[in-house]
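S.K.: What follows is a single structure, and I will ask about it in a moment.
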Amino acid sequence: YTIDDNARAMVAMCMHYELTKDATDLKYISKYLHFIHFCLQPDGKFLNYVNIDYEFTPQNYETNLEDSNGRTIWALGHLISLKNILPADLIKLAKIILLRALPNLENIHSSRAMAFIIKGLYYANVHEKSDTGIDTLVKISNRLVQMYRHEADDNWKWYESYLTYGNSILPEAMLCAWMTTGEIVYKNIAKSSFDFLMDKTFFDDSLKIISNKTWMHKTASQNEVNIGGEQPIDVAYTILALKKFYDVFKDKSYLYKMHKSFDWFL
């Protein structure tokens, strides 16, 4: 079992419960949250891999766990954002876990993990502001700003010299940072980088995700569209980001692309 999958499942079930208020969702949300709590270590970090005997496997000490830690913060924040409809004991536990994890978040430097953290802290602050959480969000957001400024030019408006996996979460995170702080530079970078990504992934009125065969590099000779190697999770991230950008900018092209992105699954 992994905290990765439990965090994803918790986000999905929270979204489903928000839509349906189906009480049977609550036992699953509780199960996933308690798994996350189980993976929380005394130092505030999360381990990822657990075997059937409730033991942490050697993989935890052989692989980079930053993405799984970031994704967990996103899931916790999402749950906390539903404090008005979820049971108080779930909200209380999620807040305790997030508070214990908070001091370590600034030590995470993976770009996508940082984006997950920003999203999680944004959601955690939807209803009530936390000075500690906001400070962490700003520090991590500023790192993404510096990455963008280092790589971006007239033809390449991105945070890295390549497009790989989970790309949409980076501009979405910058938009969340703006929604939390009102800092206009976050909004501007979010918009320019997301529109750049859309330009690289929409062809002939349909979505074509960056191939994991070679990724897409900044150098013109490698900036080609490859056949195959498209990952479904990237499509889901794209849809989530398009929804967020539509909610903010009310640009119907984002709404249109959101529906066309879902067509990828069909």
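The values are calculated or read from the model by the stated rules, or taken from the named source; none is laboratory data. Predicted, not measured: the structure shown is a model, and the values here were computed from it. Every residue, glycine among them, receives a Cβ derived from its backbone with ideal geometry; neighbour counts consider all protein chains shown. SASA here: full protein model, heavy atoms, side chains in, ligands and nucleic acids out. Shrake-Rupley method; radii C 1.70, N 1.55, O 1.52, S 1.80 Å.
S.K.: How many residues are small (Gly, Ala, Ser) and buried (at least 20 other Cβ atoms within 10 Å of the Cβ) if we restrict to segment 4-52?
M.R.: 1
S.K.: Checking the condition open to solvent by 20 Å² or more (accessible area, probe 1.4 Å) and either modelled with pLDDT of 95 or more or in contact with a strand residue (DSSP E or B) (Cβ under 8 Å, 6 or more places away or on another chain) (or both), which residue from ALA88, ALA75, ALA101 passes?
M.R.: Working: ALA75 fails: open to solvent by 20 Å² or more (accessible area, probe 1.4 Å); ALA101 fails: open to solvent by 20 Å² or more (accessible area, probe 1.4 Å).
ALA88 is the lone residue from the list that is open to solvent by 20 Å² or more (accessible area, probe 1.4 Å) and either modelled with pLDDT of 95 or more or in contact with a strand residue (DSSP E or B) (Cβ under 8 Å, 6 or more places away or on another chain) (or both).
A quick yes/no check of all residues on (1) farther than 18 Å from VAL145 by Cα; (2) in a loop (DSSP other than H, G, I, E, B); (3) touching a Phe, Trp or Tyr at 6+ places or on another chain (Cβ under 7 Å):
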| position | (1), (2), (3) |
| --- | --- |
| TRP158 | no, yes, yes |
| PRO171 | no, no, yes |
| ALA177 | no, no, yes |
| ASN188 | no, no, no |
| SER211 | yes, yes, no |
| ILE227 | yes, yes, no |
| ALA236 | yes, no, no |
| TYR246 | yes, no, yes |
| HIS259 | yes, no, no |
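S.K.: Oh, and also: Somewhere in segment 107-122, is a residue open to solvent by 50 Å² or more (accessible area, probe 1.4 Å), out of contact with any Lys or Arg (no Cβ under 9 Å at 6 or more places or on another chain), in a helix (DSSP H, G or I) and closer than 20 Å to MET179 by Cα?
M.R.: no
S.K.: Okay, next question. Please go through segment 123-156 and pick out each residue that is open to solvent by 20 Å² or more (accessible area, probe 1.4 Å), assigned to a helix (DSSP H, G or I) and closer than 18 Å to VAL185 by Cβ.
M.R.: ILE134, ASP135, VAL138, LYS139, ASN142, ARG143, GLN146, MET147, TYR148, ARG149, HIS150, GLU151
S.K.: Further, regarding this structure: If only one of ILE52, ILE29 is assigned to a loop (DSSP other than H, G, I, E, B) and of a type outside the set (Asp, Glu), which one is it?
M.R.: The match here is ILE52.
Yes/no per residue for (1) at pLDDT 95 or above; (2) closer than 20 Å to SER111 by Cα; (3) within 18 Å of the chain's Cα centre (by Cα); (4) surrounded by 14 or more Cβ atoms within 10 Å (Cβ to Cβ):
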site	(1), (2), (3), (4)
ALA173	yes, yes, yes, yes
MET179	yes, yes, yes, yes
VAL185	yes, yes, no, yes
LEU207	yes, no, no, yes
THR214	no, yes, no, no
VAL225	no, no, no, no
ASP234	yes, yes, yes, yes
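S.K.: Still on this structure, please answer the following. Going by the structure shown, is ARG112 over 30 Å from GLU160 (Cα atoms) and in contact with a Gly (Cβ under 7 Å, 6 or more places away or on another chain)?
M.R.: For ARG112, the condition - over 30 Å from GLU160 (Cα atoms) and in contact with a Gly (Cβ under 7 Å, 6 or more places away or on another chain) - is not met.
S.K.: List pairs: first residue in segment 23-35 and modelled with pLDDT of 95 or more and among the charged types (D, E, K, R), second residue surrounded by fewer than 18 Cβ atoms within 10 Å (Cβ to Cβ) and not in a helix (DSSP H, G or I) anywhere in the structure, Cβ distance under 8 angstrom, at least six positions apart or on different chains.
M.R.: From segment 23-35, no pairs qualify.
S.K.: Let me ask another. Tell me which residues, restricted to segment 5-29, are under 15 Å from ALA88 (Cα atoms) and among the β-branched types (Val, Ile, Thr).
M.R.: ILE29 - this is the single residue of segment 5-29 that is under 15 Å from ALA88 (Cα atoms) and among the β-branched types (Val, Ile, Thr).
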